[in-house]
Amino acid sequence: MLLALFFSILTATYTVESSTSVALTGTAPVGSEATYSRSGTTGQKGQMTAGNSTTLQLTGWDGCVIDSVVLQMRSNKSAGAGSMTMHIGERTVWEIPDTDFANVVWNGSFTTNWVDISSPIRQQVQGGEDVQITIEASKNSLYINSYTFYYQVSEPTACEVRFVSGMTESPAPMSETEAGGGIAVPHGKDTLDWHFVGWSEQEVVDAPTCPTVWKAGDRYYPRTDCTLWAVYVKGENKQVRDYISGDYMIASAFWSTAMQGGVEDEVVRTKAVEIAKVGEQYEWLSGAEEDMVYHMDFAADSTVVIEHVATSKYVGFSGNKLSAKSSVWQYKVLEDSSLCVYYLASNAERMLTFGYGSSATYDDVVAYSTSVDLSKMKSDGLLLFSPSETIFTTWPFGRLDALEMLPVQESQNEKNAYIMQLGNYLLRIENGKKYLYLNY
């Protein structure tokens, strides 16, 4: 696709606020995110001592052309050295080799004042590519205060999306009927051992966790021509319906989150997970992490005790809040086979649920205690899943087996010699012997 016309130059500046965060001024691409990290544990928020580094990673810049970048930096009064690398996807677009800050490739002199270190970039960010700037110090000290990006956003055009199924055949490419209209992603196929999860912007090779996926029928909005990769999960991990004592992950289908960790500040934090409804039963499509596992001790009198396995701390209650003390919850199996876990406090029933807290005071979804009328609780309770090992991949049969195979052809030069092409390989069968050649 030809590059579209571009609007005027926009500016986005990320100023270091702490060792783990930056603040944005200016205008960043809609839906983009910035992640900042510093390897050092001492010193100032943007300081890099010898052997330590800082990294800024940007996502969601697909289709943007980065015109130039300005780093606001400084050194110590008479020392400071290091290197810098900027990547767009796998491409290195700006690099400063390890040398003193006084070298002309940096500032030309040591200084304790903030100075601009800049370079033209003039590169377009392709679909699914991240932007990353890493600065590493070799002599004490280098400091980073801010990163400024000058960029252009292309005029919207209809984009084409290609698909890699990981099998011998992939769905045909799909194009938007109009710019920004998006496409409905196609269905995938299950195999005997692998279940199709959805389509990802990243290729997945035997990963323990699932990336962000668009399920069949979901609308995907590309920013540029791009490729989506199929994601499959090994085996099945369906919702538990027989409630016996054991280790489980505790999740909410409504919020697509699972509990993670023990009780802190009267709530339990959660993590976003992939849960899909298959028929009448939910299926877990994410990885199983150690701090998401809870031992639930079910008793015959419809009571249960919950303990966080990794910390050996309980998920209990005190008054109208959660607490880390051992508590005996009551439970009720709802009509959809999910679980309502509750207790009695001040003659009122309260249950363990997910949301933004009793007064919507949390920015993220948490597990907390809320009042409930049990007679109205019919469905959408807690879901339990076994913490079995999960593997995700784009290639259920392996990369080689998923390559296109051309029909067997008889050699025109020699009788009883046959040739079969498998991707980049050529298989020659002659007189019952097989020879595999790599095509360059």
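The values are calculated or read from the model by the stated rules, or taken from the named source; none is laboratory data. A quick note: this is a predicted structure, and the numbers were derived from the prediction, not measured. Because the Cβ atoms are built from the backbone with ideal geometry, glycine has one as well, and the counts that use them run over all protein chains shown. Protein only, heavy atoms only, side chains kept; ligands, DNA and RNA dropped before computing areas. Shrake-Rupley method; radii C 1.70, N 1.55, O 1.52, S 1.80 Å.
Observations on the structure shown:
- Residue selected from the range 322-337 under the condition open to solvent by less than 50 Å² (accessible area, probe 1.4 Å) and touching a residue at least 60 places away in the same chain (Cβ under 8 Å), by the criterion farthest from the chain's Cα centre (by Cα): Y331
- Of all the numbered requirements in (1) in a strand (DSSP E or B); (2) within 27 Å of C226 (Cα to Cα), Q72 misses one, and that requirement is (2).
- So S146, is it farther than 26 Å from R91 by Cβ and touching a residue at least 40 places away in the same chain (Cβ under 8 Å): no
- In the range 297-355, the residues that are in contact with a Leu (Cβ under 8 Å, 6 or more places away or on another chain) and among the acidic types (D, E): E349
- Taking the range 341-352 as the range and being out of contact with any Cys (no Cβ under 9 Å at 6 or more places or on another chain), farther than 11 Å from V304 by Cβ and surrounded by 15 or more Cβ atoms within 10 Å (Cβ to Cβ) as the test, the residues that pass are A345, E349, R350.
- Criterion applied to S302, S312, S375, S358 was being surrounded by fewer than 17 Cβ atoms within 10 Å (Cβ to Cβ) and at pLDDT below 95, and the one residue passing it is S375.
- If you go through the range 94-110 and pick out every residue that is in a strand (DSSP E or B) and of a type in the set (F, W, Y), you end up with 1.
- Every residue from the range 33-53 that is buried (at least 16 other Cβ atoms within 10 Å of the Cβ) and under 26 Å from E201 (Cα atoms): A34, Y36
- Identity of the residue in the range 262-290, surrounded by fewer than 18 Cβ atoms within 10 Å (Cβ to Cβ) and not in a strand (DSSP E or B), that ends up modelled with the lowest pLDDT: G279
- Scanning the range 81-115 for residues being touching a residue at least 40 places away in the same chain (Cβ under 8 Å), touching a strand residue (DSSP E or B) at 6+ places or on another chain (Cβ under 8 Å) and either of a type in the set (G, A, S) or within 19 Å of V131 (Cβ to Cβ) (or both) gives a total of 8.
- Tally of residues being over 18 Å from the mean Cα position of the chain (by Cα) and either among the polar types (S, T, N, Q) or surrounded by 21 or more Cβ atoms within 10 Å (Cβ to Cβ) (or both) across the range 241-261: 6
- Considering only residues in the range 54-64 that are open to solvent by less than 20 Å² (accessible area, probe 1.4 Å) and not in a loop (DSSP other than H, G, I, E, B), the one that is nearest to T15 (Cα to Cα) turns out to be L56.
- Taking each residue of the range 259-282 that is over 18 Å from P211 (Cα atoms) and looking for partners that are open to solvent by 40 Å² or more (accessible area, probe 1.4 Å) and among the β-branched types (V, I, T) with beta-carbon atoms closer than 6 Å, six or more apart or interchain, yields G262/T311.
- Wholly enclosed strands (runs of 3 or more DSSP E) of the range 308-387 bearing at least 1 residues within 23 Å of A276 (Cβ to Cβ) and touching a helix residue (DSSP H, G or I) at 6+ places or on another chain (Cβ under 9 Å): 339-345
- Of the residues making up the range 380-393, at least one is loosely packed, with under 14 Cβ neighbours inside 10 Å, under 22 Å from E283 (Cβ atoms) and under 21 Å from the mean Cα position of the chain (by Cα).
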